[in-house]
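In what follows, a single structure is set out as structure tokens and then discussed.
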Amino acid sequence: MPVNSSRGIEKHKGGLPQVRQATHIIYVAYSSKTNASSKITCMTDWISVHGILTQGYRVASGPSADYPYGSLERQRPIFKSRGLDLDGYFNGTLNIDIRPQAFALKKPEYTFRHVEWTDLHPPEDFSFSRCKVIYAGVEYDGWVYYPHPETKERNFQDPSLLEVIAAPIPEIEYGDELQVLLNPEEVSVDRPD
């Protein structure tokens, strides 16, 4: 049973991403005789990025002008069959504007090739990287959701717009500020020239 705790949110606006540490405690080898479990503690440095919640194309939560259904509604069972279970997460994405910064995926935790989720266009590739969203002082689990632009026929993919699938976040609205914690081994963030 993993337990996550973190500390030290660093607020910044438009500057370089901040680094913060989170402690992950992973419990292994539970013994029913001794009622104890051994644990491994490791430190992970997260990149903390400030962003503003913006309205997207509304395709993920749909229906939209492009699709008569929500794209995530169709994609989630496919992702689950390939190893990524998004049950418990909101059935839509947060579109988080991180300007003037931009992100790039380096080595995402999951990449799914040739995902046939609609008959309206050819299959697409998707990548995911675990992240955290911090809103109003509360931390929510999430995933950076990245439809690969080279396989995406519709909707331009802005490198300054993080799409995140997160646990439901009460009372969040367009224009709200939030922080996103990203894994620097999987995602890079910089200021394009």
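Whole-Hz ³J(HN,Hα) for each residue in the range 170-187, computed from phi via Karplus 6.51 cos²θ - 1.76 cosθ + 1.60 with θ = phi - 60°, x for glycine and proline: what do you get?
Ordered by residue, 3J(HN,Hα) equals x, 6, 6, 9, 4, x, 6, 8, 8, 10, 10, 9, 10, 7, x, 6, 10, 9 Hz.
For residue 145, list long-range residues whose amide hydrogen, built 1.01 Å from N in the peptide plane, is under 5 Å from its own amide hydrogen.
Residues meeting the criterion, in which the H sits 1.01 Å from N, are 163, 164, 165.
Using modelled amide H (1.01 Å from N, peptide plane; none on Pro or chain starts), what sits under 5 Å from the amide H of residue 176, excluding residues fewer than 5 places away?
Close amide H contacts, sequence-distant or interchain: 53.
Using 0.36 nm per residue of separation minus the Cα-Cα distance, give me the extension gain between residue 55 and residue 138 in nm, one decimal.
Result: 27.7 nm gained on full extension.
Do any chymotrypsin sites (Phe, Trp or Tyr not before Pro) in the range 88-119 lie in a DSSP loop with no more than 10 other beta carbon atoms within 10 Å, and if so, which?
Counting only loop positions with at most 10 other Cβ atoms within 10 Å, none of the chymotrypsin sites (Phe, Trp or Tyr not before Pro) in the range 88-119 qualifies.
Which residues' amide hydrogens lie under 5 Å from the amide hydrogen of residue 185, considering only partners 5 or more residues apart or on another chain, with H built in the peptide plane?
HN-HN under 5 Å from residue 185: empty list.
Given 0.36 nm per residue, what is the gain on full extension from residue 185 to residue 148 after removing their alpha carbon distance, in nm?
Net length gain for the segment: 11.5 nm.
Which distance in nm do the two modelled labels at residue 113 and residue 78 give, with both placed 7 Å along the Cα-to-Cβ direction?
Those two pseudo-labels are separated by 1.5 nm.
Rule-based calculations on the coordinates, nothing more; no lab input. Predicted, not measured: the structure shown is a model, and the values here were computed from it. We place every Cβ from the backbone using ideal geometry, glycine too, and count neighbours over all the protein chains shown.
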